[in-house]
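Here is the structure we will look at, set down as structure tokens.
The values are calculated or read from the model by the stated rules, or taken from the named source; none is laboratory data. This one's a predicted model, so the numbers in the text were calculated from it and none came from an experiment. Because the Cβ atoms are built from the backbone with ideal geometry, glycine has one as well, and the counts that use them run over all protein chains shown. For accessibility, only protein heavy atoms count, side chains too; no ligands or nucleic acids. Shrake-Rupley method; radii C 1.70, N 1.55, O 1.52, S 1.80 Å.
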Amino acid sequence: QVQLEESGGGLVQAGGSLRLSCAASGRAFSNYAMGWFRQAPGKEREFVARINWSAGFIRYADSVKGRFTVSRDSAKNTMYLQMNSLKPEDTAVYYCAAQLLLRGPTAPYDYWGQGTQVTVSS
């Protein structure tokens, strides 16, 4: 059974930093891309960042480029999102997700975590 579990969310002041973790279990993820998404109150879920588990190919949303860094530790089966220079508009529930690479980059993600709340105060 595949499980993705996010942690590391919390309350931080604008300009501060947080590091989110996504612990993955239940299968090997070498053929998967892992993504971070977020959903703010009253808004649709949006893409934040993506990393291919084996090759390390990375992509970011324009809104977080230069501030957020996605990485993974294969030995720990964990993906991270280092968030620096946080802004109030970064406030959202952050989700990690896994997508089988063979399905293509535009296919729906296959597995989702439960989310972790990030709140940035002004």
Item checked: When the convex hull of its Cα atoms is projected in every direction, mean area for region 12-80 (nm²) -> 5.7 nm²
Check: So what J values fall out for region 30-39 if you push phi through Karplus, 6.51 cos²θ - 1.76 cosθ + 1.60 with θ = phi - 60°, rounded to Hz, Gly and Pro as x?
Finding: 5, 9, 10, 9, 10, x, 10, 10, 8, 9
Notebook entry, point to check: Which percent of the Cα-Cα distances in region 54-114 go past 15 Å?
Noted result: 61 percent
Checklist line | Extension gain from VAL2 to ALA107, taking 0.36 nm per residue of separation minus the Cα-Cα distance | finding: 36.0 nm
Next item on the list: Kindly write out, for region 74-88 in residue order, the coupling ³J(HN,Hα) from the Karplus curve 6.51 cos²θ - 1.76 cosθ + 1.60 (θ = phi - 60°), rounded to whole Hz, with x marking Gly and Pro.
Entry: 4, 5, 9, 6, 10, 10, 10, 9, 7, 10, 10, 6, 5, 10, x
Margin query: Per residue, how much accessible surface does region 21-95 expose to a 1.4 Å probe? Answer in Å², no decimals.
Written below: 49 Å²
Note to self: Please list 3J(HN,Hα) in residue order for region 48-65, calculated via the Karplus relation 6.51 cos²θ - 1.76 cosθ + 1.60 where θ = phi - 60°; whole Hz, with x for glycine and proline.
What the structure shows: 10, 7, 8, 9, 7, 4, 8, 8, x, 4, 10, 9, 10, 5, 4, 5, 10, 4
Note to self: Can you give the Rg/Rh ratio of the chain, where Rg is from the C-alpha atoms and Rh is the Kirkwood radius?
What the structure shows: 0.95
Check: So who's got an amide H within less than 5 Å of the one on TYR111, skipping anything under 5 residues away but keeping other chains? H placed 1.01 Å off N, in plane.
Finding: ALA98
Next item on the list: List the trypsin sites (Lys or Arg not before Pro) within region 4-63 that fall in a DSSP loop (any state other than H, G, I, E or B) and whose Cβ has at most 12 other Cβ atoms within 10 Å.
Entry: LYS43
